[in-house]
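Student: Structure provided below as structure tokens; questions to follow.
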Protein chains: 2
Amino acid sequence: MGKSNLQLVNECDKFPYYQDDPAFYTDHLKNYHAFKVSGCNAVLGYMVNSVVEKFSWSADCWNVDSKSQTVTLITPPHATPQDRTRLMADTLAEVVKRDIFEVLRGWRNEMYPIYGPGGEFLFEMERSATPLFGVLSYGVHATCYVEDESGLRLWVPRRSKTKQTYPGMLDNTVAGGMSTTEPPFECLIREAQEEASLPEDVVRANTVSVGYVSYFYVRDARAGGETNLLQPEVEFVYDIKLSADVIPKPNDTEVEAFHLYTVEETKAALANGEFKANCAVVLIDFFIRHGIVTAENEPDYLEILAKMHRRLEFPTASHASA
Amino acid sequence: MGKSNLQLVNECDKFPYYQDDPAFYTDHLKNYHAFKVSGCNAVLGYMVNSVVEKFSWSADCWNVDSKSQTVTLITPPHATPQDRTRLMADTLAEVVKRDIFEVLRGWRNEMYPIYGPGGEFLFEMERSATPLFGVLSYGVHATCYVEDESGLRLWVPRRSKTKQTYPGMLDNTVAGGMSTTEPPFECLIREAQEEASLPEDVVRANTVSVGYVSYFYVRDARAGGETNLLQPEVEFVYDIKLSADVIPKPNDTEVEAFHLYTVEETKAALANGEFKANCAVVLIDFFIRHGIVTAENEPDYLEILAKMHRRLEFPTASHASA
């Protein structure tokens, strides 16, 4: 008996909901400190209490209030994003030096943006540190598929066995994190080239933007590093319909090989737990939008679709050009 | 300056969220009694306090607890759905006789199902009474569209000026409420025939099940009857791609006429507030899934998509056959 679609979604969207059990939720929040920056009236992430204890918070720029369970980056009133970015980088450099956090051993040299209310860009921080602060991160996921007389088939890559995170697991055809200021579609073009050797013109001609999935992930051992760190995410989702003669190919060391899976093969691999957690969610969304998973064949249809579009409690980005 | 897509979604999804302001939300809930049935540990809906006061609750089968703000239908331990349905019908007959509620003047003679945890069918009740109890109701909405050398165009009906609810407003091509035990796709087939004269074989051949929209509606004057009643809804969503020679036609008195709108005409009518609130949401979802509304052209993209897939706090139906 394999995993159900709801089990797969629950593995990705693990943080409790207030509405399911208000008392449990309120109590659960005591495990975290709220992360804020001065001058911005919003919680930007939840930090696990044990993580908060391990930092050496410089009193110059941090206020840790153990009563309200809040960690606040303190800056002068007219601080710029650059100011905040620098203070965060200094703070991280100190814990890297002391080698306090396992997740920081996987330093990526990629900067992730943090937004305030109204989509205001507040600062950026090293990607591998985002789960320490429990801040929202963004990515793009695309499913390349072929639909012809042989039916619908999906291009499924297997991650390299040497990859730091989720080695050897199945993935979405194209997937990647969004670095600072990069609009989602531009990120997709870049990742499609880098990961699947898909030329820009092919991607532009065949891609449909179809929404996003969002969920509140709690990191487990497969993610590498400390467990139970929080990683709320928004993944912009794209469908790329390819003719059978366009074949994705590995272009870097991240992917071992691409295979063309039938719907049934994909479902079997999902039930077998072979897909990285958030990639499973993207495929279930694909199946729902393409009429493959329906209210009539999926007992948990309503719960699945709502959970994979979780309205997260943190301010979110806005990528629209004015 | 017309209405933004977020404004349109907010008109439909009006009930507050705990996460936006826990104190306000908790306080707001004091305006309602929780509706429950004995033997089922779940809140099935929220009843406005002034509505609770107007019923004559028979002590035989109702327990109204003003301290915990709960209205419970009390039945013997082994009550059947039929038992609960009969008690509810008797209770409604009494208030209809006294002509207490405006919404019940629009008696529909349609029974709507109420579900408990795990999708258990608990009972059914008259459609027009569901907002008095604030219970979740279900429907189907389909967008018929043509995509050819003239681009993408949508079949948009205008509701009859004599229709009881939302007269004269624009609608989705096919839309209707789901009566007891009817699976969503069968409901769609029926409504497509009744409202748009679309033959069953055409609908079966051209329809893709693409998900659902859900929201927590608070009734305003356009809905008819008492305002501020709660109407949480799940609407199963379908795309029906038609060739240009298939033309929807009014078949009953509900629709005045169908028109083929371009995307720009549809957007203009949306911004102009011409669409019934939940039909606007279904169209925005259509535009998102078809790559017309994207993260790059819609500043409120993230908020819109999450709100239109609201995870409601009540038990939901399961339409999957075993």
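Student: Is one or more of the residues making up segment A:46-63 in a helix (DSSP H, G or I) and among the small types (Gly, Ala, Ser)?
Tutor: Yes; the residues of segment A:46-63 include at least one that is in a helix (DSSP H, G or I) and among the small types (Gly, Ala, Ser).
Student: Let me ask something else. Tell me, which residue of segment B:181-194 that is out of contact with any Pro (no Cβ under 8 Å at 6 or more places or on another chain) and not in a helix (DSSP H, G or I) is farthest from B:TYR112 (Cα to Cα)?
Tutor: B:PRO183
Student: For segment B:157-199, which residues satisfy the criterion of being more than 19 Å from the chain's Cα centre (by Cα) and crowded, with 21+ Cβ neighbours inside 10 Å?
Tutor: Matches in segment B:157-199: B:ALA196, B:LEU198.
Student: Does any residue in segment B:77-98 that is more than 25 Å from B:ASN41 (Cβ to Cβ) come within less than 7 Å, Cβ to Cβ, of a residue that is small (Gly, Ala, Ser) six or more places away or on a different chain, and which pairs are these?
Tutor: Pairs that qualify, where the first residue is more than 25 Å from B:ASN41 (Cβ to Cβ) and the partner is small (Gly, Ala, Ser), are B:GLU94/B:SER56.
Student: Okay, moving on. Taking the stated definitions as given, is A:GLU226 surrounded by 22 or more Cβ atoms within 10 Å (Cβ to Cβ), within 17 Å of the chain's Cα centre (by Cα) and within 24 Å of A:GLU313 (Cβ to Cβ)?
Tutor: Against the criterion (surrounded by 22 or more Cβ atoms within 10 Å (Cβ to Cβ), within 17 Å of the chain's Cα centre (by Cα) and within 24 Å of A:GLU313 (Cβ to Cβ)), A:GLU226 does not qualify.
Conditions tested, residue by residue: (1) in contact with a Ser or Thr (Cβ under 6 Å, 6 or more places away or on another chain); (2) on the phi > 0 side of the Ramachandran plot; (3) of a type in the set (Gly, Ala, Ser).
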{"residue": "A:THR262", "(1), (2), (3)": "no, no, no"}
{"residue": "A:ALA280", "(1), (2), (3)": "no, no, yes"}
{"residue": "A:ILE284", "(1), (2), (3)": "no, no, no"}
{"residue": "A:PHE287", "(1), (2), (3)": "no, no, no"}
{"residue": "A:LEU302", "(1), (2), (3)": "yes, no, no"}
{"residue": "A:MET308", "(1), (2), (3)": "no, no, no"}
{"residue": "A:THR316", "(1), (2), (3)": "no, no, no"}
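Student: Right, another one. Does B:VAL64 fit the bill of being outside the structural domain of B:GLY225 (by TED's automatic domain parsing) and in contact (Cβ under 8 Å) with a residue 60 or more places away in the chain?
Tutor: In short, no.
Student: Return the total of residues in segment A:274-316 being more than 8 Å from every other protein chain (Cβ to nearest Cβ) and open to solvent by 20 Å² or more (accessible area, probe 1.4 Å).
Tutor: Adding up the residues that qualify gives 4.
Student: For segment B:195-273, give me every one of the strands (runs of 3 or more DSSP E) that falls completely inside it and has 3 or more residues that are away from chain A (no Cβ under 14 Å).
Tutor: B:255-262
Student: Further question on the same structure: Go through segment A:113-128 and report how many residues are open to solvent by less than 10 Å² (accessible area, probe 1.4 Å) and in contact (Cβ under 8 Å) with a residue 40 or more places away in the chain.
Tutor: 6
The values are calculated or read from the model by the stated rules, or taken from the named source; none is laboratory data. Bear in mind the structure is a predicted one, so any value in this text is a computation, not a measurement. Glycine also receives a Cβ, built like all others from the backbone with ideal geometry; neighbour counts cover every protein chain displayed. Remember, those area values only see protein heavy atoms, side chains included, never the ligands or the DNA or RNA. Shrake-Rupley method; radii C 1.70, N 1.55, O 1.52, S 1.80 Å.
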